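One structure is given below, encoded as structure tokens.
What follows is calculated from the coordinates using simple rules that are stated; it is not laboratory data. Predicted model, so just to flag it, every value in this text is computed and none were measured. Because the Cβ atoms are built from the backbone with ideal geometry, glycine has one as well, and the counts that use them run over all protein chains shown.
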Ligand SMILES: Nc1ncnc2c1ncn2[C@@H]1O[C@H](COP(=O)(O)OP(=O)(O)OP(=O)(O)O)[C@@H](O)[C@H]1O
Ligand SMILES: [Mg+2]
């Protein structure tokens, strides 16, 4: 296994956010972490990326115990992190943003090669290399955040909700790129996404988090076919029907409540 997370327990002060999460990412696979707002997705990967110390549990990267290492050491150990909301430096140029990624790299000698690779994947970043990152569109900023993380030559790329706030067509482009990086370079990817449909279309395996615990896990195919996933995360009808019925059950002021109740 490339990554093993074992019985992770995470707190913000007294708030118990992640309650014994375990999962693996195999070398060369895309693993999707799904779940609704507040489920503990970002918290889990913050711990993985060295931004939050686990109260309990272990994190292993390629057989090495990296539990509790700080963010810089985690980056050096081979985890590239694309945070929620992208966080590019808007007052710096595109090129400068990419070079920041290079600081975490182990060797200086391959910088030109890395730039070439990034530009081959993201031609727009080469065209706009000298512009301020703040002038890029949301989709371009996501590409830049991705490119910056790739400059560290990660063994595992970790992305927190890359689709957030992007138009559907741009989401498609970003996910197509992730799939290409996985297929062509064998890059292992841990993808946190509320957009389960987009995630499961490129992932090999997935887990669903619910109030800080794993509620479902399986192959992407199994999860796509799972009725619970279809209902809640893929916008299936089963999920919407009860909500509509509830609305209709509230009687109109002008309608006889007994009649409405007797209707069904
Ligand atoms: N800085 C913080 N301080 C206190 N509680 C927090 C903090 N960040 C998150 N939490 C709480 O921890 C729990 C998990 O939050 P987390 O951000 O991991 O959810 P998430 O699955 O990433 O949700 P989203 O899809 O909205 O990003 C939530 O109950 C949240 O309110
Ligand atoms: Mg989050």
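Data table
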| item | result |
| --- | --- |
| Likely footprinting exposure, 214, 192, 33, fewest C-beta neighbours within 10 Å first | 214, 192, 33 |
| The chain: angle of helix 168-185 to the longest principal axis, Cα-based, in degrees nearest 10 | 50 degrees |
| Rg to Rh quotient for the chain, alpha carbon positions, Kirkwood Rh | 1.06 |
| Residues of region 39-65 with amide N under 15 Å of a point placed 7 Å along Cα→Cβ from residue 16 | 55-57 |
| Sequence of 27, 6 once ranked by neighbouring C-beta atoms within 10 Å, starting from the fewest | 27, 6 |
| Segments 167-174, 68-75 sorted - mean Cβ within 10 Å per residue, highest first | 68-75, 167-174 |
| Global form of region 106-211, assessed from the alpha-carbon gyration tensor, a/c cut-off 1.5 | oblate |
| Theoretical FRET efficiency, 1/(1+(r/R0)^6), r = Cβ-Cβ of residue 36 and residue 222, R0 25 Å, to 0.05 | 0.80 |
| Scattering profile of region 21-94 at q = 0.12 Å⁻¹ [log10 I(q)/I(0), Debye over alpha-carbon scatterers] | -0.39 |
| Simple label model, 7 Å out from Cα along Cβ direction - residue 7 to residue 215, nm | 2.5 nm |
| Residue-averaged [θ]222 nm for the chain, counting only DSSP H segments that reach four residues, each worth -39500 (n - 2.57) | -12000 deg cm²/dmol |
